[in-house]
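Everything on this sheet refers to the single structure shown next.
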Amino acid sequence: MSEQRAREEMVRLGASFFQRGYATGSAGNLSVLLADGTLLATPTGSCLGELAPERLSKVTLSGEWLSGDKPSKEIAFHRELYLNNPHCRAVVHLHCHYLTALSCLEGLDTQNCIRPFTPYVVMRVGDVPVVPYYKPGDIRLAQELARRAGAHRAFLLANHGPVVTGTSLRQAADNLEELEETARLMFTLGDRAIRYLTDGEVAELRDY
């Protein structure tokens with residue numbers, strides 16, 4: 001995909017997230033790895049519903065700001081995901097309702113906060129580890145994600161929200177939406193008895 005098409009896709013997906021309530025105000029950020037090894041990212045303080053292709057931030061994997069508006073302070077953890085996972089080509093970080101609510105609960109399994117009960121979350125993202133709370137932009141968030149990047153496609157930042165990766169921005173967006181829908185189902189089911197997938201059923205899905 002050309003850089004111009006990547007810019008247009010980021011604007012289109014950002015607007016879609018905003019219009020459907022996945023993003024509010026200036027919360028959340030998106031990035032994509034371009035063919036030349038640089039990153040295209042949403043600027044700091046930008047509203048995902050009002051992005052402009054020519055104003056998107058362009059940065060190197062080492063963090064040098066090349067063009068466009070100033071990048072989000074959270075670009076550091078985006079860079080670490082790309083640097084530590086060769087399959088990662090895009091990152092979506094939102095403060096969507098149900099996953100952010102989930103991130104605020106105590107007692108989550110930090111190795112996998114969503115015990116599988118539908119096949120789709122297993123096929124799309126697998127296990128979702130919980131990253132300890134640090135204030136937004138803290139370098140320790142980037143360090144924690146770097147440590148987990150090679151083994152996972154999605155993460156839940158404690159008291160903050162999800163970070164989801166993909167081999168394209170479209171795939172990362174789809175993965176995020178599947179994860180948010182799963183969190184919504186969790187809250188809908190509440191304390192009812194859930195028929196969770198067995199270990200064998202999960203293993204079969206991971207080989208699918």
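Values quoted throughout were computed directly from the atomic coordinates according to the rules given, and no laboratory measurement underlies them. Remember, it's a predicted structure, so these values are computed and weren't measured experimentally. As a convention, Cβ positions derive from the backbone with ideal geometry for all residues, glycine included, and neighbour counts pool all protein chains shown.
If each residue of separation counts as 0.36 nm, what is the full-extension length gain between Arg170 and Ala193 once their alpha-carbon separation is subtracted? Before the final figure, lay out the partial values.
Details: separation 23, 0.36 × 23 = 8.28 nm, distance 3.42 nm.
So the chain would gain 4.9 nm between Arg170 and Ala193.
Counting pairs of alpha carbon atoms under 8 Å apart in space and at least six apart in sequence, what relative contact order in percent does the chain give?
Here the relative contact order equals 20 percent.
What do you get for Rg/Rh over segment 85-131 if you use C-alpha atoms and the Kirkwood form of Rh?
On the way: Rg = 11.9 Å, Rh = 12.2 Å.
Radius of gyration over Kirkwood radius for segment 85-131 works out to 0.97.
From the Cα gyration tensor of segment 117-208, with a ≥ b ≥ c the square roots of its eigenvalues, which class applies: rounded if a/c is under 1.5, or else prolate if a/b is larger than b/c, or else oblate?
Judged from the Cα gyration tensor, segment 117-208 comes out prolate (a/c at least 1.5, a/b above b/c).
Rounded, prolate or oblate: which fits segment 3-104, taking a ≥ b ≥ c as square roots of the Cα gyration tensor eigenvalues, rounded meaning a/c under 1.5, else prolate when a/b beats b/c?
Working: a/c = 1.76, a/b = 1.29, b/c = 1.37.
It is oblate, given that a/c is not under 1.5 and a/b is not larger than b/c.
What is the ratio of the Cα radius of gyration of the chain to 2.2 N^0.38 Å, where N is its residue count, to two decimals? Please report the intermediate quantities before stating the final value.
Numbers: Rg = 16.5 Å, N = 208, 2.2 N^0.38 = 16.7 Å.
Working it through for the chain, the quotient is 0.99.
Taking 0.36 nm per residue of separation and subtracting the Cα-Cα distance, what length does fully extending Asn112 through Arg20 add?
Working: separation 92, 0.36 × 92 = 33.12 nm, distance 2.70 nm.
Full extension from Asn112 to Arg20 adds 30.4 nm.
Give me the number: length gained by fully extending Arg5 to Glu201, i.e. 0.36 nm times residue separation minus the C-alpha to C-alpha distance, one decimal in nm.
Net length gain for the segment: 66.7 nm.
Would you mind checking which residues have amide H under 5 Å from Asp69's amide H? H placed 1.01 Å from N; only 5 or more apart, or other chain.
HN-HN under 5 Å from Asp69: Leu56, Ser57.
Exactly which chymotrypsin sites (Phe, Trp or Tyr not before Pro) in segment 34-124 are in a DSSP loop and have at most 15 other Cβ atoms within 10 Å? Working shown, then result.
Details: sites: Trp65, Phe77, Tyr82, Tyr98, Phe117, Tyr120; in loops: Phe117.
For chymotrypsin sites (Phe, Trp or Tyr not before Pro) across segment 34-124 that sit outside H, G, I, E and B with at most 15 neighbouring Cβ atoms in 10 Å, the list reads Phe117.
Would you kindly derive the ³J(HN,Hα) couplings of segment 53-60 from the backbone phi angles with the Karplus curve 6.51 cos²θ - 1.76 cosθ + 1.60 (θ = phi - 60°), listing them in order in whole Hz, with x for Gly and Pro?
In residue order, the calculated couplings are x, 6, 9, 4, 6, 10, 9, 8 Hz.
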